[in-house]
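Asker: Mind having a look at this structure? Questions to follow.
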Amino acid sequence: MTIRGNWDIESDVVIVGYGGAGAVAAITASDCGARVTVLEKMPAGGGNTRVSGGGFFNTTGMGWTTYVEALCFGATEKEVIEEFVRNAMKNKDWIKEIGGQVEPTLHLQVSYPGPAPKASFPQLPGWEFMEKCSVKMVDTEAKAERLWKLLSGNVERRPIKVLTGAPARRLITNEKDEVVGVMAEKDGQKIYVKAGKAVILTCGGFEYDEGLKRDFLPCKPFFAFGNPGNTGDGIRMAQKVGAGLWHMPVTSAQLGFKAPEYESAFIIRFFTDRFIYVNRDARRFVDETKIEVHSIAWVTSVFDSQRFRYLHIPTYAIFDETARRKAPLNPGNSGFNRTLYKWSSDNSAEIGKGWITKGRTLAELARKISVDEATLEKTIAKFNESCRIGRDGEFGRSREALTAIDAPPYYAIELWPCLINTQGGPRRDKEARVLDAEGIPIPRLYSAGELGSIWGFAYQGSGNNGESLVFGRIAGRNAAAEESWD
């Protein structure tokens with residue numbers, strides 16, 4: 001869309017998306033003296049930041065570059081990674097500068113809260129140069145809510161204009177192909193917002209765009225835990241002005257339950273070791289307690305070309321009465337449904353809803369979830385024998401995590417790969433500038449956060465919040481430093 005003569009709102013920097021990256025970019029650009037307008041499509045801000053685990057990382061040295069390079073697997077330029085790591089060394093100080101207190105936090109496993117490592121992949125060199133943090137608890141709210149309150153409170157204390165319920169539709173360019181504004185909608189009307197210096201895209205990924213997921217993700221179906229506003233808007237807007245894409249197949253995902261009554265899925269976590277995962281053949285396929293929390297797509301995307309189906313989609317978690325009574329399967333501390341539904345403490349309400357399937361015997365349970373009865377009985381018997389002898393000969397589950405599943409009745413919950421977030425989008429450079437298909441910066445267009453994330457292959461826990469802090473500051477600072485185009 002080309003330039004028009006009359007603007008409804010005039011600003012120096014226009015930010016599309018009001019989650020963590022958008023808030024950080026807005027704070028930074030405003031502190032650099034720019035007039036800032038933020039456009040948010042949802043009724044309220046927060047994006048995935050507000051429903052995340054709330055952690056972010058701070059690096060303690062440039063040695064972390066080696067670790068990030070390994071995770072990106074050659075898909076992200078070294079100069080981008082080095083700039084990222086250099087600025088991540090300032091994350092904790094920046095949080096303190098805007099009035100937050102910081103406390104250390106640990107990485108979690110996907111299903112079972114065993115010993116928590118300090119990094120997603122501690123087997124890779126350089127991981128020890130990272131510390132995982134969160135905003136210190138001053139009340140009982142979730143960590144993500146504390147982080148968002150800190151960021152949004154700082155936005156509110158600055159002369160930053162925030163329009164919610166205002167989805168951006170097009171980037172506006174001038175005769176020099178510079179991005180000079182945004183066409184959005186508000187209350188059913190088109191509005192034209194001038195960006196005298198630059199536009200920053202911080203509008204998240206494509207967790208809720210079925211077309212993009214179908215075209216780019218490694219398995220299907222793929223549900224999502226996060227903000228339903230993440231429908232790939234920034235990708236399409238950037239493509240229309242020539243942006244190149246990167247990292248489109250990369251995900252942060254884990255197993256979850258999708259209830260038909262809710263648009264978003266529920267995170268499922270066991271607080272006992274009395275469970276296993278079985279596939280559609282009623283067989284175990286993994287050490288259930290050692291799946292890295294964000295990497296379930298690697299496990300579930302195994303495709304059988306003979307039977308022409310994914311082997312492990314859906315997955316069934318099998319557990320017993322003791323496990324059922326232990327704790328709610330949904331911890332309620334993250335995900336978009338966090339404020340929409342409270343899981344019952346003993347999972348009884350979810351059994352009543354039919355979300356959890358109950359069988360008096362394993363054979364009855366197998367019939368109800370349409371897996372082979374004899375195979376499921378053999379699978380449980382073999383697991384229980386492993387528990388008796390203290391050695392899992394199939395998948396090496398640790399002795400400490402081996403407790404028999406032997407207290408009837410028995411239960412199953414159907415699980416699917418579910419996105420925490422996607423990493424793909426418009427390619428960016430170390431200055432947070434969006435690049436075209438030939439690697440040339442598109443004038444006056446920047447990005448930050450999950451949209452076109454730097455994670456090129458594997459994802460580090462707290463990576464998007466940490467990246468939002470880094471590239472939000474870089475984008476806000478550089479956008480504010482642009483000379484006005486008019």
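Asker: Out of A437, A366, A407, A401, which single residue is at negative phi, exposed (fewer than 15 other Cβ atoms within 10 Å of the Cβ), in contact with a Gly (Cβ under 9 Å, 6 or more places away or on another chain) and of a type in the set (A, V, I, L, M)?
Answerer: Only one candidate passes the filter, namely A437.
Asker: So in the range 440-463, with the set limited to residues that are within 20 Å of A224 (Cβ to Cβ) and touching a strand residue (DSSP E or B) at 6+ places or on another chain (Cβ under 6 Å), which one is surrounded by the most Cβ atoms within 10 Å (Cβ to Cβ)? Reasoning before the result, please.
Answerer: As a first pass, look at the range 440-463 and keep what is within 20 Å of A224 (Cβ to Cβ): 449-453, 455, 458-463.
Now drop any that are not touching a strand residue (DSSP E or B) at 6+ places or on another chain (Cβ under 6 Å), which leaves 450-452, 459, 462.
Values: E450: 36, L451: 34, G452: 28, Y459: 25, S462: 24.
Here the residue is E450.
Asker: Could you grab the pairs with beta carbons closer than 6 Å, sequence gap of 6+ or different chains, first residue in the range 11-23 and over 13 Å from A44 (Cα atoms), second one in a loop (DSSP other than H, G, I, E, B) and among the small types (G, A, S)?
Answerer: D12/A34; V13/A34; A21/A448; A21/G449
Asker: Within the range 389-408, how many residues turn out to be without any contact (Cβ under 8 Å) to a residue 40 or more places away in the chain and part of a helix (DSSP H, G or I)?
Answerer: Narrowing the range 389-408 to residues without any contact (Cβ under 8 Å) to a residue 40 or more places away in the chain: 389-391, 393, 399.
After this cut, where a residue has to be part of a helix (DSSP H, G or I) as well, the list is 389, 399.
Total satisfying the criteria: 2.
Asker: Something else now. Being in a loop (DSSP other than H, G, I, E, B) and surrounded by fewer than 21 Cβ atoms within 10 Å (Cβ to Cβ) is the filter here; which residues of the range 245-265 pass it? Show your work before the answer.
Answerer: Taking the range 245-265 and keeping what is in a loop (DSSP other than H, G, I, E, B), we get 247-250, 258-265.
Those that are in a loop (DSSP other than H, G, I, E, B) and surrounded by fewer than 21 Cβ atoms within 10 Å (Cβ to Cβ): M248, P249, K258, A259, P260, E261, Y262, E263.
Asker: Of the numbered conditions (1) out of contact with any Leu (no Cβ under 8 Å at 6 or more places or on another chain); (2) crowded, with 20+ Cβ neighbours inside 10 Å; (3) under 28 Å from G55 (Cα atoms), W355 fails exactly one; give the number of that condition.
Answerer: Condition (3) is where W355 drops out.
Asker: Among all residue pairs at least 6 apart or on different chains, which show Cβ distances below 6 Å where the first residue, located in the range 217-231, is closer than 14 Å to T49 by Cα and the second is assigned to a loop (DSSP other than H, G, I, E, B) and aromatic (F, W, Y)?
Answerer: From the range 217-231, the pairs are P228/Y208; N230/Y208.
Asker: Outside the structural domain of T315 (by TED's automatic domain parsing), at pLDDT 95 or above and outside any strand (DSSP E or B): which single residue out of G196, G165 fits that description? Reasoning before the result, please.
Answerer: Working: G196 fails: outside any strand (DSSP E or B).
Just a single option satisfies the conditions, and that option is G165.
Asker: Out of all the residues in the range 91-105, which are surrounded by fewer than 17 Cβ atoms within 10 Å (Cβ to Cβ), in contact with a strand residue (DSSP E or B) (Cβ under 9 Å, 6 or more places away or on another chain), touching a residue at least 12 places away in the same chain (Cβ under 8 Å) and not acidic (D, E)?
Answerer: If the condition is that a residue be surrounded by fewer than 17 Cβ atoms within 10 Å (Cβ to Cβ), in contact with a strand residue (DSSP E or B) (Cβ under 9 Å, 6 or more places away or on another chain), touching a residue at least 12 places away in the same chain (Cβ under 8 Å) and not acidic (D, E), then Q101, P104 are the ones that fit.
Asker: Same structure again: Could you look through the range 184-206, keep only residues that are in contact with an Asp or Glu (Cβ under 9 Å, 6 or more places away or on another chain) and β-branched (V, I, T), and pick out the one that is surrounded by the most Cβ atoms within 10 Å (Cβ to Cβ)?
Answerer: By that ranking, first place goes to T202.
Asker: OK, next. Going by the conditions given, is D209 over 30 Å from R477 (Cα atoms), in the same structural domain as T375 (by TED's automatic domain parsing) and surrounded by fewer than 20 Cβ atoms within 10 Å (Cβ to Cβ)?
Answerer: So D209 fails the test.
Asker: Something else: Of everything in the range 328-357, what is touching a residue at least 40 places away in the same chain (Cβ under 8 Å) and either more than 27 Å from R280 (Cβ to Cβ) or under 23 Å from the mean Cα position of the chain (by Cα) (or both)? Give them in sequence order.
Answerer: Result: L329, N330, P331, N333, S334, G335, F336, N337, R338, L340, Y341, W343.
Asker: Taking the range 282-326, which residues are touching a residue at least 24 places away in the same chain (Cβ under 8 Å), farther than 18 Å from T272 by Cβ, assigned to a loop (DSSP other than H, G, I, E, B) and out of contact with any Asp or Glu (no Cβ under 7 Å at 6 or more places or on another chain)?
Answerer: Listed by number, the residues that qualify are R283, F285, H294, S301, H312, I313.
Asker: Among the residues of the range 175-187, write down those that are farther than 16 Å from E482 by Cα, out of contact with any Gly (no Cβ under 8 Å at 6 or more places or on another chain) and assigned to a loop (DSSP other than H, G, I, E, B).
Answerer: E175
Asker: Another question about this same structure. Would you confirm whether any residue within the range 160-170 is closer than 20 Å to E97 by Cα and surrounded by fewer than 23 Cβ atoms within 10 Å (Cβ to Cβ)?
Answerer: yes
The values are calculated or read from the model by the stated rules, or taken from the named source; none is laboratory data. Everything quoted here is computed from the prediction, not taken from an experiment. Cβ coordinates were reconstructed from backbone atoms using ideal geometry, including for glycine residues, and neighbour counts include every protein chain displayed.
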